[in-house]
Amino acid sequence: MTADLEATIAAVRPADETAMRAARDLQARLTKPAGSLGTLEELSVRLAGLAGVCPPPLPAPATVAVFAGDHGVHAQGVTPWPQEVTAQMVANFVAGGAVVNTFARQAGADVMVVDVGVAIPLHGGATLLDANVRRGTRDLSVEPALTRDEAQAAVEVGLGVAQALVESGAKCLLTGDMGIANTTPAAALIAAFTGRDPAAVTGRGTGIDDETLAHKTEVVARALARHRLDPADPLGVLAAVGGLEHAALTGFILGAAANRVPVIIDGVIAASAALAAAAFAPDSVAAMVAGHRSAEPGATVALAHLGLEPLLDLGMRLGEGSGAALALPVVTAAVRVLHEVATFDSAGVSEK
Ligand SMILES: O=C(O)c1ccc[n+]([C@@H]2O[C@H](COP(=O)([O-])O)[C@@H](O)[C@H]2O)c1
Ligand SMILES: Cc1cc2nc[nH]c2cc1C
């Protein structure tokens with residue numbers, strides 16, 4: 001491991017119990033029946049613990065970082081979409097025309113696009129970072145998708161993006177991904193880190209029929225059988241069956257956690273990266289907020305393994321960071337309550 005990755009892992013610390021206690025005490029004194037804000041109350045407590053202060057900072061400004069990469073396993077027929085759609089959608093993100101751009105505008109978040117492994121050379125733009133590690137992975141069902149050095153380089157791209165965003169003032173980071181075929185490595189990663197069967201974690205991705213789903217599940221099973229995967233060696237797992245955007249998202253999540261900034265986890269690709277981040281640094285889970293429950297079955301398995309309850313459950317399975325962007329106003333509201341709502345004392349409201 002390089003000094004950067006080692007230092008980041010060492011900087012990930014547990015939540016601050018004092019700040020969490022202060023948030024729980026404050027929640028009990030606000031002008032509402034105790035517990036009436038449900039999940040939002042525990043979320044506010046977790047974010048106070050992450051920040052080490054009560055109330056924690058509002059999650060603004062916020063940026064969705066969309067990490068894009070391509071996949072050698074595309075050759076196995078695991079997705080109906082041609083590989084060039086990855087590069088074409090990156091251009092769409094940069095032009096502001098994708099769903100994530102719309103949802104981010106609605107939530108007041110910025111969008112940043114990072115080419116960490118797109119197969120086709122892209123033309124740079126104001127919001128496109130060229131950090132290409134290689135032009136797509138190798139086919140994980142026949143050989144390791146990446147070398148350890150490539151996987152580590154991609155993790156460090158994500159670390160660097162998180163660090164730069166925090167240094168420029170971001171108070172909340174949101175995960176995004178784009179990569180045709182990337183639900184296949186996500187399924188393999190989730191199986192490797194949770195020990196669940198390929199059939200329990202492999203889903204329909206962008207939309208495939210029963211026959212293709214059976215084939216995709218078999219491709220994941222073959223990959224797991226081919227590589228000797230040790231969940232205690234997350235870099236090795238990412239290299240063998242991961243993707244460049246999965247590795248970069250792992251670094252991005254670790255970078256957020258090391259800086260004690262919340263990171264909203266989007267769908268199944270981010271959830272698989274979150275498992276890798278937790279394998280590197282178990283305390284990084286304190287920085288993770290599950291934005292939504294993706295329809296992809298592996299997402300539910302991964303979030304349950306991490307002990308995270310998703311904020312929204314809308315049957316979405318788009319990726320791009322769309323579910324994370326939709327969840328941002330909910331996170332903001334949870335924190336804002338601690339900043340603004342009057343206490344029984346201050347408002348002169350009688351207690352029961
Ligand atoms: O976020 C999710 O849970 C999610 C679920 C299904 C598909 N996707 C997106 O769809 C693409 C991968 O789907 P596939 O079928 O090509 O593996 C990739 O660009 C992902 O961002 C994303
Ligand atoms: C059109 C399209 C948009 C996407 N956004 C994220 N993954 C995607 C996959 C496709 C195919």
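FYI, it's all coordinate maths here, none of it is from the lab. In this text, all values refer to a predicted model and were calculated from it rather than measured experimentally. Cβ placement follows ideal geometry from the backbone for every residue including glycine, while neighbour counts extend to all protein chains displayed.
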Worksheet entry | Rg followed by Dmax, in Å, when the chain is reduced to its Cα trace | 19.8, 69
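So between A232 and Q106, what do we pick up on full extension, going 0.36 nm a residue minus the alpha carbon distance?
So the chain would gain 41.4 nm between A232 and Q106.
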Discussion item. Looking only at region 62-331, where both bridge partners belong to it, what percent of the DSSP beta bridges are antiparallel (to the nearest 5)?
Written reply: 5
Worksheet entry | Straight-distance crosslink candidates among lysines, where the alpha carbon sits under 26 Å from K352 and sequence neighbours closer than 8 are dropped | K32
Worksheet entry | Calculated over region 1-151: convex hull of Cα atoms, volume per residue (Å³) | 179
Discussion item. From the phi angles alone, apply the Karplus equation (6.51, -1.76, 1.60; θ = phi - 60°) to region 182-198 and give each ³J(HN,Hα) in whole Hz, x where the residue is Gly or Pro.
Written reply: 6, 6, 6, x, 4, 5, 5, 5, 5, 4, 5, 7, 9, x, 7, 5, x
Item to complete: State to the nearest 20 debye the size of the charge dipole of region 20-164 about its Cα centre, where the only charges are +1 on K and R beta carbons and -1 on D and E beta carbons.
Response: 640
Worksheet item: For the pair E143 and L318, how long in nm is the line joining their label points, each one 7 Å along Cα→Cβ?
Response: 3.7
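Quick check: residue separation of H215 and A11 times 0.36 nm, minus the Cα distance between them. What number comes out in nm?
Here the segment from H215 to A11 would lengthen by 69.3 nm.
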Worksheet item: Given H placed on each backbone N at 1.01 Å, which residues far from C172 in sequence or on other chains put an amide H within less than 5 Å of it?
Response: T63
Response to the item:
Amide H proximity to V133 below 5 Å, modelled H, separation 5+ or other chain, gives G117
Discussion item. What FRET efficiency comes out for A60 versus E84 if R0 is 35 angstrom and r is the Cβ-Cβ distance? Round to the nearest 0.05.
Written reply: 0.45
Discussion item. Can you order the peptides 36-46, 107-117, 271-281 by their average number of other Cβ atoms within 10 Å per residue, highest first?
Written reply: 271-281, 107-117, 36-46
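Sort F93, F67, F193 so the one with the fewest other Cβ atoms within 10 Å of its own Cβ comes first. Let's see the in-between values first.
Working: F93 26, F67 35, F193 23.
The fewest-first ordering by Cβ neighbours comes to F193, F93, F67.
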Worksheet, complete the sentence: Rg from C-alpha atoms of region 127-228, normalised by the globular rule of thumb 2.2 N^0.38 Å, equals 1.25
Worksheet item: How are the Cα pair distances of region 49-121 distributed, in percent, across 10 Å bins from 0?
Response: 17, 36, 26, 15, 6, 0
Discussion item. Can you compute 3J(HN,Hα) from phi for each residue in region 88-94, using the Karplus curve 6.51 cos²θ - 1.76 cosθ + 1.60 with θ = phi - 60°, rounded to whole Hz and x for Gly and Pro?
Written reply: 5, 5, 4, 4, 5, 4, 5
Fill in: Spatial separation of Cα centroids for region 11-59 and region 307-352, in angstrom
12
Practice prompt. Using a Gaussian network model of the chain whose springs link C-alpha atoms within less than 10 Å, name the residue from A325, A342, A302 with the highest mean-square fluctuation.
Written response: A342
Practice prompt. Quick one: order V155, V261 by neighbouring beta-carbon count within 10 Å, fewest to most.
Written response: V261, V155
Item to complete: May I ask you to evaluate 6.51 cos²θ - 1.76 cosθ + 1.60, the Karplus curve with θ = phi - 60°, for each residue of region 13-22 and list the ³J(HN,Hα) values in order in whole Hz, giving x for glycine and proline?
Response: 10, x, 5, 7, 5, 5, 5, 5, 5, 4
Practice prompt. List every residue whose amide H lies under 5 Å from the amide H of V111, counting only residues 5 or more places away in sequence or on a different chain, with H placed 1.01 Å from N in the peptide plane.
Written response: V64
Worksheet item: Is it possible to state the helix-based mean residue ellipticity at 222 nm for the chain, with each DSSP H run of 4+ residues giving -39500 (n - 2.57), the sum divided by total residues, to the nearest 500 deg cm²/dmol? What is it?
Response: -15500 deg cm²/dmol
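Would you mind ranking H71, H246 by Cβ crowding within 10 Å, fewest neighbours first?
Starting with the residue having the fewest Cβ neighbours, the order is H71, H246.
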